[in-house]
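The structure appears right after this line, and notes come after that.
Throughout, read-outs are computed from the coordinates displayed, never taken from laboratory work. Since this is a predicted model, take the numbers as computed values, not measurements. No Cβ is skipped: glycine too gets one built from the backbone with ideal geometry, and neighbour counts run over all protein chains shown.
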Amino acid sequence: MSVDSRAPALFDLTGKIAIVTGGNGGIGLGMAKGLAEAGAAIVVAARDAAKSEAAVKELIALGAEAAFIAVDVTDAGSCRVLIEATVARFGKLDILVNNAGINIRKVPENYSAEEWHRVLDINLTGSFLCSQAAYPALCKAGGGKIVNIGSMMSIFGAAFAVPYAASKGGVVQLTKALATAWAKDNIQVNAVLPGWIDTDLTREARRQMAGMHERIEARTPARRWGKARDMAGVAVFLSAPASDFITGATITVDGGYSVQG
Ligand code: NDP
């Protein structure tokens, strides 16, 4: 059987345009670097301009085209402007990584309604609004990829992070629902559930909770925290032709945390 020389290389993203929300640090930048190394041009979409420009420099140093475009993912108009500005700058859109996220840690009885909404608005509604805004551009490109970021708290309960867990459970269902809606448009929508990754977000958690670092390390079969770099491969896989028949799936990247008995 001969190999079709016209078939796209499984993991090649040359010529692809990717937006990574929250791409200016942590998991988002780890994923953006993976996409950049595979050949994609990257839009770092976040609020903090100085942090984002620094991330853009790191991506350019890898040989990629990259730009910062400001967005607040809780604002539908801002999400639409992000997509318009991306298409104006790079000509199209192929990949959207919905990574922006926050956590507010408290016992459930102490959250204000505003805190509950803040977490849900950024983590869940933000992923929906960016996906909705991206849809026409992805269709115009002939299809594309959406990668949503869940969490171990998409699976497990979390006494100290109730709105976060609710939002991340919602991200998995959002992923499945969008996948079923947009498969006809050749848009694959999948979710990544990271384990415990060393970032600003979890550094803050470790400051708040004594002994957390050691507890996580001991419970993770790989016996270590994840690094932002550990998130690069899955981002490439779910953005590349290699995953063209995978949609609505969730992939854990957790050093075995979620399968430990
Ligand atoms: P960081 O705090 O390093 O990154 C969060 C990013 O979200 C920042 O880049 C921030 O940029 C951006 N962001 C926050 N609010 C908004 C907003 N309203 N609009 C646009 N961007 C926003 O955390 P992580 O890298 O750890 O987290 C990234 C994702 O991974 C999150 O969804 C998180 O829930 C998830 N995750 C993290 C895990 C971990 O162990 N670290 C485990 C499981 C999931 P700026 O402030 O400039 O807007």
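Overview of results
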{"read-out": "Positive dipole terminus of the stretch 58-116, leading residue within A70, V81, I95 (C-beta point charges)", "value": "I95"}
{"read-out": "Top of C130, C79, C139 by mean-square fluctuation, Gaussian network on the chain, Cα under 10 Å", "value": "C139"}
{"read-out": "Long-range amide H partners of W196 with built H, under 5 Å", "value": "G226"}
{"read-out": "Qualifying aspartates and glutamates (Cα of each under 20 Å from Cα of K16; at least 8 residues distant if same chain)", "value": "E37, E58, E65, E84, D94, D185, D244"}
{"read-out": "Reachable aspartates and glutamates from K51, criterion Cα separation under 14 angstrom, eight or more residues apart if same chain", "value": "D200"}
{"read-out": "Charge dipole (the chain, unit charges on Cβ, about Cα centre) - positive-most of A9, W196, L59", "value": "W196"}
{"read-out": "Neighbour-count ranking [beta-carbon atoms within 10 angstrom, fewest first] of D75, D254", "value": "D75, D254"}
{"read-out": "Proxy reagent accessibility, fewest Cβ within 10 Å first, across S131, S154, S258", "value": "S258, S131, S154"}
{"read-out": "Value at 222 nm in deg cm²/dmol, rounded to 500, when DSSP H runs of n ≥ 4 in the chain each add -39,500 (n - 2.57)", "value": "-13000 deg cm²/dmol"}
{"read-out": "Rounded if a/c under 1.5, otherwise prolate or oblate - the stretch 105-164, Cα gyration tensor axes", "value": "oblate"}
{"read-out": "About the Cα centre, charge dipole magnitude for the chain (Lys/Arg +1, Asp/Glu -1 at Cβ), debye", "value": "280"}
{"read-out": "Peptides ranked, highest mean first, by Cβ atoms within 10 Å: ranges 161-167, 22-28", "value": "22-28, 161-167"}
{"read-out": "Evaluated at q = 0.09, 0.10 Å⁻¹: base-10 log I(q)/I(0), Debye formula over Cα of the chain", "value": "-0.38, -0.46"}
{"read-out": "Cα-projected label distance for I60 with D75, points at 7 Å along beta-carbon direction, nm", "value": "2.5"}
{"read-out": "Rounded to whole Hz, the Karplus (6.51, -1.76, 1.60) HN-Hα couplings of the stretch 141-158, x for glycine and proline", "value": "7, x, x, x, 10, 10, 10, 9, 10, x, 5, 4, 7, 6, 10, 9, x, 8"}
{"read-out": "Ascending count of other beta-carbon atoms within 10 Å, so fewest first, for S127, S52", "value": "S52, S127"}
